[in-house]
Amino acid sequence: MTLFPCDRTFLDRLAADLPQGTLRSTELRFLEEPRGRWQGQAGAIACPRNVQEVAVILRAANDAGVAVVPYGGGTGLVGGQVASGGVVPLVLSLERMNSIRSIHPSENVVIAEAGAILADVQKAAEDIGRVFPLSLASEGSAQVGGLLATNAGGVNVLRYGNARDLVLGLEVVMPDGRIWNGLKRLRKDNTGYDLRNLMIGSEGTLGVITAASLRLFARPARQGAAFMVVPDPEAALSLLALAQARLAEGISAFELIGGMGLDFLARTMPQVRQPFVTPPQWMVLIDLGLPDGIDPAAALEDLFADALEAGLVSDGVIAQNMGQRAEFWNLRESIPEANRHIGAVSSHDISLPLSAVPEFIDRAGPALAGIDTYRVNCFGHLGDGNLHYNVFPADGHTRAEHEHQRDSIKACVHDLVHAMGGSVSAEHGIGRLKTGDLEKYGDPVKLAAMRAIKRALDPKGIMNPGAVLADAEMQRE
């Protein structure tokens, strides 16, 4: 069905059914995304205060055939939150729905609204001696709804899983305005199709998440961290296996950091303290969360000694207190910011089978050299096979000189990832940036099922058109 723009006639009708101040004039902050690749458009910004108002908005939009783009914290990196083309949509911001509705300490559950900031959910868990383990660089502005809509990953996936693994139930407004009251706190609910997991990762194309029941965990009694220098990614993978054999679920994160990232930090953010006088070509950040009675520093020292004897490490620094641990993580979380200062030609959020990671790194560099000379900053969550493989201009050259090569670079990297059984979108989602990649690399049976689900739940195609599935597929008479 053809969509219609969010015009004054529609807004006047909608305003009559909503409290004053719910509909607002367009603001620039709702039309931008972090990488500056798109400039969005909107007829207005809807800022509901509760699920009933969201239902009114979607019901009206569905009846009128007006597109709706849900907007969370705006931190997404694949353009899912901005519509730069097509009909002018209504942008739906969840920022006023930001409360922690309830906390259930004995159940290890918190119920949070979609507009709640991740850092606030973490603080609510901390206040009752628990931890909500979803953690990423944008946690001070990313909102629960957007994080679930994109199935965000972060640094603790190795131990706690992706966002979908942290959700027990959802409250969702469907495209026609009906409210799905699925906000359960159950660990077991085997009653048919799992609509919860369908909505998580759907990027606002099937409905609007308005609240979630989130799992909390016991706070580790002892925490520690270490940087260890490894000769190559193959050794890093062997070190991971050794660490898991010794410490099992005590490993919260295992991050691979390349020397190019350290070089970028030194150039653009010299205030970030680096652990080694001579930056290594490869190092890992190991983070531990252990029960009382086990000393993290001692455990890391024992691990380092065994790894040194096995030839897996050559140097290391172990955090002696929580302040040093925080410094270690500050370095890791500053790498994306340093990347932005340098300016990537093409950035890639990919995942591979763990055993294939070293081979991919060995093969990708020479493959890119067939196009031109570049610098590559490869880093990421080695524990779950997720790499951020970012390609930059050679030293002394600019991104503008290589703009015409972006598509070739992306195809080179993604073709190799696909050939090795990986994914071209590990944790950032599809958005609008990767719809072509989904068409190119996606399984045709899966794509057909996705389109059938979209048609069934959103027959008018009002929900975030152009995101995930190619816009042409949904704009039909």
(Q) I'd like to check something: does region 44-58 contain any residue that is among the basic types (Lys, Arg), assigned to a loop (DSSP other than H, G, I, E, B) and on the phi < 0 side of the Ramachandran plot? (A) yes
**Q.** Residue ID - farthest from LYS460 (Cα to Cα), chosen from residues in region 166-194 that are open to solvent by 40 Å² or more (accessible area, probe 1.4 Å) and in contact (Cβ under 8 Å) with a residue 24 or more places away in the chain
**A.** ARG185
Q: Sort out which residues of region 130-145 are out of contact with any Gly (no Cβ under 7 Å at 6 or more places or on another chain) and open to solvent by 40 Å² or more (accessible area, probe 1.4 Å), and write them in order of number.
A: ARG130, ALA137, GLU139, GLY140
Q. Considering region 333-359 alone, what residues qualify as being in contact with a Phe, Trp or Tyr (Cβ under 8 Å, 6 or more places away or on another chain), assigned to a helix (DSSP H, G or I) and open to solvent by less than 20 Å² (accessible area, probe 1.4 Å)?
A. ILE335, ALA338, ASN339
Q: Considering each of ILE251, ILE257 in turn, give the residue that is in contact with a strand residue (DSSP E or B) (Cβ under 7 Å, 6 or more places away or on another chain), hydrophobic (A, V, I, L, M, F, W, C) and more than 25 Å from VAL376 (Cβ to Cβ).
A: ILE251
Q: Being over 26 Å from GLU255 (Cβ atoms) and either in a helix (DSSP H, G or I) or out of contact with any Asp or Glu (no Cβ under 9 Å at 6 or more places or on another chain) (or both) narrows it down to one of LEU416, LEU433, LEU368, LEU447, so name that one.
A: LEU447
Q. Does at least one position in region 19-37 carry a residue that is in contact with a Ser or Thr (Cβ under 7 Å, 6 or more places away or on another chain), modelled with pLDDT under 95 and not polar (S, T, N, Q)?
A. yes
(Q) Against the definition (assigned to a helix (DSSP H, G or I), surrounded by 17 or more Cβ atoms within 10 Å (Cβ to Cβ), among the β-branched types (Val, Ile, Thr) and in contact (Cβ under 8 Å) with a residue 12 or more places away in the chain), how does VAL391 come out, yes or no? (A) no
Q.
Taking the conditions exactly as written (in contact with a Pro (Cβ under 8 Å, 6 or more places away or on another chain), among the hydrophobic types (A, V, I, L, M, F, W, C), under 28 Å from VAL131 (Cβ atoms) and surrounded by fewer than 16 Cβ atoms within 10 Å (Cβ to Cβ)), does ALA221 satisfy them or not?
A. yes
(Q) Of the conditions (1) in contact with a Gly (Cβ under 6 Å, 6 or more places away or on another chain); (2) within 28 Å of LEU11 (Cβ to Cβ), VAL54 satisfies every one except a single condition; which number is it? (A) (1)
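The values are calculated or read from the model by the stated rules, or taken from the named source; none is laboratory data. Given the structure is predicted, the values throughout are model-derived calculations rather than measurements. Note that we place each Cβ from the backbone using ideal geometry, even for glycine, and neighbour counts take in every protein chain shown. What goes into the accessible areas is simple: the full protein's heavy atoms, side chains included, and nothing from ligands, DNA or RNA. Shrake-Rupley method; radii C 1.70, N 1.55, O 1.52, S 1.80 Å.
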